[in-house]
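Data block below; observations after.
The values are calculated or read from the model by the stated rules, or taken from the named source; none is laboratory data. Note that this is a predicted model, so its numbers are computed, not measured. Please note: Cβ atoms are built from the backbone with ideal geometry, for glycine as well, and neighbour counts cover all protein chains shown.
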């Protein structure tokens, strides 16, 4: 399906562009007062809606593929201190935000949010609903490890307000899971899914998978997808495993077990892609699939798809992201702020009334333009120069100068039929969307010169 000569040509180490600039460009010259000042000025940002992210770092054990900030489950007293710190951080940040602004999205990630006793999550949601007002029909989502879900836990999550559950299945092959140090679902997947939906007809269920792990083949991963399809998840995500052992040493266990090469990994992707398309799913962005009249599909059709560190979203649910908890990253209109990655330091700082800032980044106007150009390409597969120019009250020529646009840099991409270029619009072709990171790099002046930054492979 994907020409192998293109695979060999474009399989490069490139940013994923979940932010621009990527997180490894953040610097350490930020402190508590800087963040408080940025919170105030964020009230004047172009996006007025608020997205909230809560990071729960705890896991009962660490999966070897994990690239997130996760720690093994500690004593229960430590968890309570952590949750109390998150609650206090929410109160501090809320005091700087315009009370008329509304929350459109609430997302819990980790780690494993449902690794902790459910009463902690209930307490957090209760505080959030007290402190903020919400738009009609907001997205209130939580990532869950199905090994730690039972009916009582699900009952209480639904009563706490969650309407989207992302189930981290990863694979249904026992050998793959065992090698990756991942436990299987406690309940049969079909029973778990149907029970969630029985609690409220408005509940959405996502299935999350990872490809590129040891012992995975196109046949085995296809079988996993086939087993999942009868339960008709609203969205399916097939994450490409990002091997970054220089950052996450535990990933070396997978390298020792034997990772599939680029050709095998691509075959796994292609098999899953074909199955999902044949069964009514539309591909969204790099790794998401949705079906029916899902809001993501409608957003893609209308060129209104967006993304943040939590994944793809719509402009209706998009807001500036205010993130809470250890290692979490706030994505504001003009800046990024990341909390400390050390859980003990995070708790100690909050208990002293100090926001636990570790690093951040202030975007200048040019960088905001570049971010928007790359975001349009990554999400909607099209770049209309005039739309970007109107958005920033600049001319098309000024936008092109800011991103360092040079048609010669796109000649190879056009020759390989990955992009179609006119004076006004750059359109990513059906084949081109598989190489979208390679295309985005052509609009990133920061990578026009050599860099010491390290990234995962694009395939």
Taking residue 49, is it surrounded by fewer than 14 Cβ atoms within 10 Å (Cβ to Cβ) and within 22 Å of the chain's Cα centre (by Cα)? no
Might you let me know whether region 70-82 holds any residue that is in a helix (DSSP H, G or I), modelled with pLDDT of 95 or more, crowded, with 19+ Cβ neighbours inside 10 Å and under 24 Å from the mean Cα position of the chain (by Cα)? yes
Which fully enclosed helices (runs of 4 or more DSSP H) of region 113-193 have 3 or more residues being under 23 Å from residue 222 (Cα atoms) and in contact (Cβ under 8 Å) with a residue 24 or more places away in the chain? 174-179
By residue number, the members of region 41-66 that are in a helix (DSSP H, G or I) and under 25 Å from residue 345 (Cβ atoms) are 42
Can you confirm whether region 263-280 contains a residue that is more than 17 Å from residue 212 (Cα to Cα), touching a strand residue (DSSP E or B) at 6+ places or on another chain (Cβ under 6 Å) and outside any helix (DSSP H, G or I)? yes
Which of (1) in contact with a strand residue (DSSP E or B) (Cβ under 9 Å, 6 or more places away or on another chain); (2) at positive phi does residue 181 not meet, given it meets every other one? (1)
So residue 395 fits all but one of (1) at pLDDT 95 or above; (2) within 22 Å of residue 285 (Cβ to Cβ); what number is the exception? (2)
Of the candidates 293, 261, 283, the one satisfying the condition of being surrounded by fewer than 21 Cβ atoms within 10 Å (Cβ to Cβ), closer than 21 Å to residue 429 by Cα and at pLDDT below 95 is 283
Which listed residue is farther than 28 Å from residue 45 by Cβ, buried (at least 19 other Cβ atoms within 10 Å of the Cβ), in contact with a helix residue (DSSP H, G or I) (Cβ under 9 Å, 6 or more places away or on another chain) and touching a residue at least 60 places away in the same chain (Cβ under 8 Å), from 276, 300, 305, 254: 254
Considering residues that are part of a loop (DSSP other than H, G, I, E, B) and surrounded by fewer than 22 Cβ atoms within 10 Å (Cβ to Cβ), the number found within region 194-212 is 4
